[in-house]
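The values are calculated or read from the model by the stated rules, or taken from the named source; none is laboratory data. If you're wondering where the values come from, they're calculated on a predicted model, not measured in any experiment. Counting neighbours? That spans all protein chains shown, and the Cβs are built from the backbone with ideal geometry, glycine included. To get the accessible areas, we keep the full protein, side chains included, count just its heavy atoms, and leave off ligands, DNA and RNA. Shrake-Rupley method; radii C 1.70, N 1.55, O 1.52, S 1.80 Å.
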Amino acid sequence: MKAKRHYIITWSLLLLVCLTSLLFGAGTLEIKQAFAVLTGQGSAEARFVVMELRLPRLAIGTITGLALGVAGALLQTLTRNPLAEPGLLGVSAGSAFAVSLAILFGASTATLTTLVSQAGALAGCALVIAATRIQGVGQDPVRLVLAGATLTALLLSLTSLLMLIDQRAADEIRFWITGSIAGKSWDQLTATLPTMLLAGAIVIGAVKPLASLALGERVAIGLGHRPGLIRLMVIIAVALLVGGATALAGPLVFVGLVVPFVARALGGADIRKTLWLCLPIGPAIIIAADTLSRLLVVPSEMPLGVITALIGAPVLMLIIRARRIPTL
Amino acid sequence: MPNPLTTFLLKQTLGSLVLMAAITGVAHADTREVETAYGSVSIDGTPERVVTLYEGALDAAIATGIDPVGAVITRGGNDVAEYIQPKAKGIGIVGAPGETNIESVIALNPDLILASAQLSKEQYNLLSKIAPTIVPDFTAFTPRTWKQETRLFAQALGRADAGEEAVTRVEDKAAEVAKLVESTLDADQRETGLIRWMPQGPLVMSEGLFSASLLQAAGFNVNSANIVKDGRPHSHPLSQENLGLIDHPWIFLATLNEDGDEALKAARKSPAFQRLKANKEGQIIIVNGQLWTSASGPLAALKILDDIANAVNNFATTH
């Protein structure tokens, strides 16, 4: 009964946030006119703003939020660490570095290759998993985050190095790396869709074995699962999701932390329940942050990455400040 | 009661001092005092090893017939701006705008350093130990700024007349282009904006920017929609919902891409850009960002005025 109530609340919240994002923007369009578009009327100008500018952002925000929320939940269960977040652990930074490299070699952000981003995320994931194998780091949630921060710092300094090589690329990288879903088109969304769907299929296949792996390796083996294979599948899914999201919106830190945190607070530690709750919460947070980004510095817009960091940093402190960090 | 001997010696000394001063004055007939942001700087003779730490200074020096030995790269490039490269062959690079490599400056052994108005006191203290350093002290982003700077640099170089000539040449050319604009475009067709396109939206350039002031001098009406903060060269990326603010009959689109069409293609991916009047009418003029948004000085001005005249002539032949 209680679980059902959570679903109703989170999904209606998402619906509300989506509606707001279509009604509010940095432009001069009145809310009344934007609402008219939703009821099938409205001027050509209003229809353009709502359907061609705000709707693609809504769609991209939805996919990005889904991907980052789910990836965070998976990574946290896999590493048994509530702080394991793609942004904090260097997965996003790996992806950002790969994309910056691609920009330097001539791929403009518009024609950005999702695959490059995902390959970078996969390399980042591999390094994270390697770090968890180091004695002491894997057991201590905060130390893993420190290892991730080190990796992120290294990759960011390499990215800065790329920006020094070519000023022209630097401009493009700088605007992309703060994170934004403004001015993105449907093409970019459809470019990431196949790999996102693939990741979704992997998650559906891996979630049950992963839940048993969370009970211990022996339990998983006893139930007929192969822990090595499960880990590999989850890592690939995380890389596809984070890489795809980063290709769309730039590296967004903290989203993968906040979304599963809220989901667990509502539904408990079971990964299956967490994932179901991440579905509405992830998009809701990104879309709300994006809507806020349009309203703060009219007639310009704030980068989305700034808003998500402002929301996420306090949550990280909250989790660390809690007397005992639960290991998952 | 003064001792007669002392008085005598004093008179002699004073006399020779006066004489010495007179002789020195003759020997350094072209000693000049230049008023800079950090006080009056005295320069004598014709400087032979000039280092310019500012694109406007490099341009002014070459325009007045001096070939500097060192310069900084253009914003967004790896060398001095393309437009001036043929005239600055083999020039030493001593850093980027605002990031001077002091050691490379010393290595060039300059006898005069021309810097930008933004040079900090700390940097000035270092540089002025190497050679007399000229830092302009004029209000930034006014139509007069580049002229004042050109005259100042020319004076420091001992080429005040050549500097004045260079400024006049630009003024004459601007008047010429303005005549062309007036005879070709109706009064309500002269509204324009200067922008750079980012994936998020356009950066709108300040009306006081060097190239924007030349557009104005050439008879265009530059409108930055009041969204550029005072003292800033451009706005933050404008939200695509607000492109109505730059929906003028003409848009000059500056790009740092080598391939200008590439920049236009990227901008046209945005449905909001496609709706702009200037895009539908084919009056988006792609211009070189190094020249239009980074450079300054009389030579750059002539090139920019050429670009403007070409755009208007193209319009005249297609309409």
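Residues to consider are A:R226, A:R272; find the one that is surrounded by fewer than 24 Cβ atoms within 10 Å (Cβ to Cβ), touching a residue at least 24 places away in the same chain (Cβ under 8 Å) and basic (K, R).
When all the criteria are applied, what remains is A:R272.
Within region A:5-62, how many residues turn out to be of a type in the set (K, R) and open to solvent by 70 Å² or more (accessible area, probe 1.4 Å)?
3
Which of the following residues is under 30 Å from A:V49 (Cβ atoms), open to solvent by 50 Å² or more (accessible area, probe 1.4 Å) and modelled with pLDDT of 90 or more: A:L154, A:L193? Break it down into steps so the answer makes sense when it comes.
Numbers: A:L154 fails: under 30 Å from A:V49 (Cβ atoms).
Selected residue: A:L193, the only one of A:L154, A:L193 that is under 30 Å from A:V49 (Cβ atoms), open to solvent by 50 Å² or more (accessible area, probe 1.4 Å) and modelled with pLDDT of 90 or more.
Out of all the residues in region B:223-249, which are within 22 Å of the chain's Cα centre (by Cα) and surrounded by 19 or more Cβ atoms within 10 Å (Cβ to Cβ)?
B:S224, B:V228, B:H234, B:S235
Tell me which residues, restricted to region B:269-283, are within 13 Å of chain A (Cβ to nearest Cβ) and assigned to a loop (DSSP other than H, G, I, E, B).
The answer is B:K269, B:S270, B:R275, B:L276.
Spot the failing condition for B:A131; the list is (1) surrounded by fewer than 19 Cβ atoms within 10 Å (Cβ to Cβ); (2) touching an Asp or Glu at 6+ places or on another chain (Cβ under 8 Å); (3) touching a residue at least 60 places away in the same chain (Cβ under 8 Å); (4) more than 30 Å from A:M163 (Cα to Cα), and only one is missed.
B:A131 satisfies all of (1) surrounded by fewer than 19 Cβ atoms within 10 Å (Cβ to Cβ); (2) touching an Asp or Glu at 6+ places or on another chain (Cβ under 8 Å); (3) touching a residue at least 60 places away in the same chain (Cβ under 8 Å); (4) more than 30 Å from A:M163 (Cα to Cα) except (1).
For region B:76-87, which positions are assigned to a loop (DSSP other than H, G, I, E, B) and surrounded by fewer than 20 Cβ atoms within 10 Å (Cβ to Cβ)?
Passing the criteria: B:G77, B:N78, B:D79.
Check B:L108, B:L53 and return the single one that is away from chain A (no Cβ under 14 Å), out of contact with any Asp or Glu (no Cβ under 8 Å at 6 or more places or on another chain) and touching a residue at least 60 places away in the same chain (Cβ under 8 Å).
B:L53 is the lone residue from the list that is away from chain A (no Cβ under 14 Å), out of contact with any Asp or Glu (no Cβ under 8 Å at 6 or more places or on another chain) and touching a residue at least 60 places away in the same chain (Cβ under 8 Å).
I'd like to know if region B:139-151 contains one or more residues that are more than 25 Å from B:M205 (Cα to Cα), out of contact with any strand residue (DSSP E or B) (no Cβ under 6 Å at 6 or more places or on another chain), of a type in the set (D, E) and not in a loop (DSSP other than H, G, I, E, B).
Checking region B:139-151: not a single residue is more than 25 Å from B:M205 (Cα to Cα), out of contact with any strand residue (DSSP E or B) (no Cβ under 6 Å at 6 or more places or on another chain), of a type in the set (D, E) and not in a loop (DSSP other than H, G, I, E, B).
Restricting to region B:190-222, name every residue that is within 14 Å of another protein chain (Cβ to nearest Cβ) and either open to solvent by less than 30 Å² (accessible area, probe 1.4 Å) or not in a strand (DSSP E or B) (or both).
Across region B:190-222, the qualifying residues are B:G193, B:I195, B:M198, B:P199, B:Q200, B:G201, B:P202, B:L203, B:V204.
With respect to the numbered conditions (1) within 14 Å of chain B (Cβ to nearest Cβ); (2) open to solvent by less than 20 Å² (accessible area, probe 1.4 Å); (3) hydrophobic (A, V, I, L, M, F, W, C), which one is the sole condition not fulfilled by A:F175?
Every condition holds for A:F175 apart from (2).
Given the residues A:A237, A:A211, A:A182, which is the only one that is within 30 Å of A:T291 (Cα to Cα) and more than 14 Å from chain B (Cβ to nearest Cβ)?
Being within 30 Å of A:T291 (Cα to Cα) and more than 14 Å from chain B (Cβ to nearest Cβ) holds for just one of A:A237, A:A211, A:A182, which is A:A237.
Within region B:250-268, how many residues are surrounded by fewer than 24 Cβ atoms within 10 Å (Cβ to Cβ) and in a helix (DSSP H, G or I)?
8
Being open to solvent by less than 10 Å² (accessible area, probe 1.4 Å) and under 16 Å from A:G65 (Cα atoms) is the filter; apply it to region A:292-320 and report the residue that is farthest from the other protein chains (Cβ to nearest Cβ).
By that ranking, first place goes to A:G312.
Evaluate region A:257-266: report whether one residue or more is within 20 Å of the chain's Cα centre (by Cα) and without any contact (Cβ under 8 Å) to a residue 12 or more places away in the chain.
Looking through region A:257-266, at least one residue is within 20 Å of the chain's Cα centre (by Cα) and without any contact (Cβ under 8 Å) to a residue 12 or more places away in the chain.
Within region B:146-182, which residues are touching a residue at least 40 places away in the same chain (Cβ under 8 Å), surrounded by fewer than 22 Cβ atoms within 10 Å (Cβ to Cβ) and in contact with a Pro (Cβ under 8 Å, 6 or more places away or on another chain)?
Within region B:146-182, B:G158, B:V167, B:R169 qualify.
Considering only residues that are within 12 Å of another protein chain (Cβ to nearest Cβ), over 27 Å from A:E30 (Cβ atoms) and among the charged types (D, E, K, R), which ones fall in region B:233-268?
B:E258, B:D259, B:E262, B:K265, B:R268
Taking region A:1-40 only, how many residues are within 30 Å of B:L245 (Cβ to Cβ) and either not in a helix (DSSP H, G or I) or not small (G, A, S) (or both)?
Total satisfying the criteria: 21.
Taking region A:8-38 as the search range and keeping residues that are in contact (Cβ under 8 Å) with a residue 40 or more places away in the chain and hydrophobic (A, V, I, L, M, F, W, C), which one is nearest to the other protein chains (Cβ to nearest Cβ)?
This residue is A:A26.
For B:P143, which of the numbered conditions (1) of a type outside the set (K, R); (2) open to solvent by 30 Å² or more (accessible area, probe 1.4 Å); (3) modelled with pLDDT of 95 or more fails to hold?
(3)
Quick test for you: out of A:G65, A:G61, A:G42, A:G69, pick the one residue that is more than 14 Å from chain B (Cβ to nearest Cβ), within 29 Å of A:L193 (Cβ to Cβ) and without any contact (Cβ under 8 Å) to a residue 40 or more places away in the chain.
A:G42
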